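Here the structure is laid out as structure tokens; the discussion comes afterwards.
Every read-out reported here was derived from the displayed coordinates using simple, explicitly stated rules and does not represent laboratory data. Keep in mind the model is a prediction, meaning the values are calculated, not measured. Here the Cβ positions follow ideal geometry from the backbone for every residue, glycine too, while neighbour counts run over all protein chains shown.
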Ligand SMILES: Cc1cc2nc3c(=O)[nH]c(=O)nc-3n(C[C@H](O)[C@H](O)[C@H](O)COP(=O)(O)OP(=O)(O)OC[C@H]3O[C@@H](n4cnc5c(N)ncnc54)[C@H](O)[C@@H]3O)c2cc1C
């Protein structure tokens with residue numbers, strides 16, 4: 001499949017980039033590593049007049065540690081760079097666990113943190129060629145007005161299918177957003193809409209420039225478990241991240257987040273109450289698994305059934321809690 005015709009723009013600075021976004025807002029698409037966007041363009045899911053390649057912007061590919069504040073990951077930091085960072089491995093292990101499961105080594109060499117956070121939602125009825133989608137009368141997410149997954153509904157249930165945002169939620173990460181009027185910071189927990197079409201709260205003239213990992217989240221022990229069809233290279237059909245802070249054997253703080261099952265990644269709100277003040281054990285892990293499966297709302301957006309994906313959220317949450325507990329030397 002060939003790419004549609006577009007004009008390539010190559011800004012050298014963030015100011016230039018947001019200026020271009022502002023000028024061409026309805027006809028422009030940001031391209032970072034292009035690992036998700038370019039295949040989607042070949043499927044005619046996106047046909048922008050202007051494609052803005054942001055890789056020429058200097059300074060957005062760095063991992064910068066500021067003692068007392070935490071770590072700033074530039075939006076263009078590749079997934080491989082995060083995977084290879086000994087600092088991230090030692091201090092933010094849940095992110096390290098998640099990033100190394102993304103796609104394949106080659107895709108991680110090209111794919112960026114910014115692109116992973118802003119990844120498009122996925123659905124069996126959407127990630128298909130133009131001819132395939134046309135033969136089904138298109139769908140609410142692209143070119144149509146009907147949802148094959150929840151017929152009669154007005155909402156798009158395409159699943160958010162990136163791995164690292166679940167880990168970033170556990171770490172209380174924030175994103176730095178640039179626009180023509182300056183910069184603003186937003187907790188990653190507020191970035192997603194839970195709507196499959198307009199998945200993130202970025203205005204058309206905004207882009208993410210970096211991700212902050214707070215120092216307060218350093219040292220949490222993490223685990224990430226992922227369900228996928230092809231073990232070596234595939235999007236999550238269910239993903240669970242767990243980060244635990246312990247004193248001795250006792251849990252002082254706990255964060256659990258899920259991805260791949262809803263139109264947004266979600267924290268599991270009551271996980272902390274089920275774990276705080278306790279030791280990690282099968283019972284506590286089972287309770288958290290149950291809580292996570294209640295947050296998961298998978299529909300028929302993938303080849304695996306919703307029932308199976310929801311059940312696997314339960315099972316993987318239990319396993320991830322046990323693994324994070326073991327990593328902390330329980
Ligand atoms: C075969 C295959 C398997 C894959 N498996 C996985 C997987 O297991 N897990 C997973 O998480 N992903 C997977 N991916 C998707 C993709 O490779 C990764 O998510 C990658 O991190 C995307 O980053 P990118 O830089 O290539 O994004 P791009 O493709 O360049 O962009 C993705 C989206 O983000 C937007 N965007 C990019 N940067 C910014 C920014 N700075 N500000 C605002 N918007 C921005 C783009 O406009 C686009 O909408 C897979 C892809 C393929 C082809």
Worksheet item: Can you put 278, 12 in order, fewest other beta carbons within 10 Å first?
Response: 12, 278
Fill in: Among 73, 303, 37: highest mean-square fluctuation, GNM of the chain, C-alpha pairs under 10 Å
303
Worksheet, complete the sentence: Debye calc, one equal point scatterer per Cα of the chain, no solvent, log10 I(q)/I(0) at q = 0.15 1/Å comes to -1.25
Discussion item. Could you tell me the extents of the range 1-57's C-alpha atoms along the three principal axes, largest first, rounded to whole Å?
Written reply: 34, 21, 14
Worksheet, complete the sentence: Rounded to the nearest 10, the angle in degrees between the Cα long axis of helix 282-295 and the longest principal axis of the Cα atoms of the chain comes to 30 degrees
Discussion item. So for the chain, averaging the separation of alpha carbon pairs under 8 Å that are six or more residues apart and normalising by length, what relative contact order in percent results?
Written reply: 17 percent
Discussion item. Would any residue of the range 140-172 have its amide N under 20 Å from a label point 7 Å out along Cα→Cβ of residue 190? List them or say none.
Written reply: 165-172
Worksheet entry | Residue list for the range 45-67, given a label point 7 angstrom along the Cα-to-Cβ vector of residue 3 and an amide N cut-off under 16 Å | 45-56
Worksheet entry | Cα-based convex hull volume of the range 67-140 per residue, rounded to whole Å³ | 120 Å³
Discussion item. If I take R0 = 25 Å and measure r between the Cβ atoms of residue 308 and residue 150 in this structure, what FRET efficiency does the formula 1/(1 + (r/R0)^6) give, to the nearest 0.05?
Written reply: 0.85
Discussion item. How tilted is helix 306-327 with respect to the longest principal axis of the chain? Cα atoms for both, answer in degrees (0 to 90, nearest 10).
Written reply: 50 degrees
Discussion item. Can you give the FRET efficiency to the nearest 0.05 for residue 25 and residue 107, using r as the Cβ-Cβ distance and R₀ = 22 Å?
Written reply: 0.15
Worksheet item: At a Förster distance of 35 Å, what's the computed FRET efficiency of residue 183 paired with residue 134, Cβ-Cβ distance as r, to 0.05?
Response: 0.25
Discussion item. Quick check: residue separation of residue 87 and residue 50 times 0.36 nm, minus the Cα distance between them. What number comes out in nm?
Written reply: 9.6 nm
Discussion item. Sequence gap at least 6, Cα distance under 8 Å: using those rules, report the relative contact order of the range 1-105 to the nearest whole percent.
Written reply: 25 percent
Item to complete: Would you mind putting 119-131, 142-154 in packing order, based on average other-beta-carbon counts within 10 Å, highest first?
Response: 119-131, 142-154
Fill in: Sorted by Cβ neighbour density within 10 Å, fewest at the top, the residues 290, 83
290, 83
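Relative contact order of the range 1-57: what whole-number percent is it, with Cα pairs under 8 angstrom and at least 6 residues apart?
Values: 77 pairs, mean separation 32.8, N = 57.
Once normalised by length, the contact order is 58 percent.
Given the -39500 (n - 2.57) contribution per DSSP H run of 4+ residues, what per-residue ellipticity at 222 nm results for the chain, rounded to the nearest 500 deg cm²/dmol? Don't skip to the answer; put the middle values down first.
Values: 12 runs with 100 residues, N = 330.
The helix contribution divided over the chain gives -8500 deg cm²/dmol.
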Discussion item. Compute the angle between helix 14-23 and the longest alpha-carbon principal axis of the chain, please, reported from 0 to 90 degrees and rounded to the nearest 10.
Written reply: 50 degrees
